[in-house]
Amino acid sequence: MSKTLSSVAQQEFDSLVHQVYQGNNRLDGCCKLRTGVVADVYKFRTMGKGMANQKASQADVTPMDIQHNLVSCALENWNAPEYTDIFDQAEVNFDEKSELAASIAKALGRRKDQLLIEALDIGTFAGTVDTNVGTVGSGMNLEKILAAKEILDDNEVDEEGRIFILNAKSAGSLLATTEVSSADYNSVRTLVQGQIDTFAGFTFKFIGTRAEGGLSVAADVYDGFAYHRDAVGMAVGLDMKTEINYIAEKTSWLTNGIMKAGAAKIDPSGIVKVQATEA
């Protein structure tokens with residue numbers, strides 16, 4: 001005998017997932033975003049730099065001949081499914097539904113972050129700040145941050161919208177750096193909450209150890225990225241929706257979170273790889 005869930009129950013659960021999903025993507029707002037994509041491939045348009053020129057009286061203008069390029073971004077389907085029997089219970093504990101919703105939402109959120117990280121990590125960069133900057137084999141430090149800033153400054157990357165993604169272990173190294181943790185140099189939030197929000201024109205984001213992969217690491221050398229958010233793009237066809245179906249063979253309900261998205265590096269000149277040795 002087949003079972004169906006009421007539309008009210010489905011909508012309620014979908015709403016729970018969305019509430020968690022919207023607040024748990026660490027890298028939300030950290031890239032150029034295109035939503036509502038209906039194709040399997042989206043093409044981000046890039047424009048080179050132009051140079052102003054003089055115009056003589058009554059002469060034709062000289063076009064700048066700005067170079068236009070298209071960067072392809074493939075969208076893929078992602079699922080976060082889980083079997084459960086909570087919808088069979090006469091009185092479902094709200095906390096149980098919330099926990100399941102959170103698991104689905106966070107799984108999709110981490111995957112969305114990972115798409116962005118992998119797009120940043122592929123191909124070329126404006127430069128690489130290796131682990132020996134500051135001190136040989138050192139953790140994240142002021143010298144590395146300033147070296148990354150210098151590369152972006154030299155490429156005249158817009159100061160507004162700069163992001164710094166690091167492994168969570170680098171937070172400890174930075175909090176031990178006086179220039180970062182002292183109120184004389186940085187915001188009080190660092191001292192009061194033990195969090196690094198902004199410094200040297202960057203908004204900092206920290207990614208922990210994740211089954212999805214997280215940031216690359218080899219022999220305690222962790223990769224991070226200092227970049228402008230418009231240097232990498234994400235295309236979303238289906239941001240997130242849930243389905244709940246009864247599977248008779250499993251005598252359980254299959255709850256599934258669905259997302260269709262992809263990410264691509266748009267402008268390597270706006271991305272710097274930064275490496276740090278963290279024990």
Residues satisfying the stated conditions in segment 29-58, i.e. touching a residue at least 24 places away in the same chain (Cβ under 8 Å) and part of a loop (DSSP other than H, G, I, E, B): GLY29, CYS30, CYS31, GLY36, VAL37, VAL38, ALA39, ASP40
Being hydrophobic (A, V, I, L, M, F, W, C), in contact with a Gly (Cβ under 6 Å, 6 or more places away or on another chain) and at pLDDT 80 or above is the requirement here; does ALA102 meet it? no
For residues in segment 246-279 being in a loop (DSSP other than H, G, I, E, B) and among the hydrophobic types (A, V, I, L, M, F, W, C), which is nearest to the chain's Cα centre (by Cα)? ILE266
Of those in segment 18-28 that are part of a loop (DSSP other than H, G, I, E, B) and of a type in the set (S, T, N, Q), the residue modelled with the highest pLDDT is ASN25
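Does segment 72-79 contain at least one residue that is modelled with pLDDT under 85 and either not assigned by TED's automatic domain parsing to the domain that holds ILE258 or not in a strand (DSSP E or B) (or both)?
Scanning segment 72-79, I find no residue that is modelled with pLDDT under 85 and either not assigned by TED's automatic domain parsing to the domain that holds ILE258 or not in a strand (DSSP E or B) (or both), so the answer is no.
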Got at least one residue in segment 207-215 being under 26 Å from GLU160 (Cα atoms), within 19 Å of the chain's Cα centre (by Cα), in a strand (DSSP E or B) and at pLDDT 95 or above? no
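The values are calculated or read from the model by the stated rules, or taken from the named source; none is laboratory data. A quick note: this is a predicted structure, and the numbers were derived from the prediction, not measured. Neighbour counts run over all protein chains shown; Cβ positions are idealised from the backbone, glycine included.
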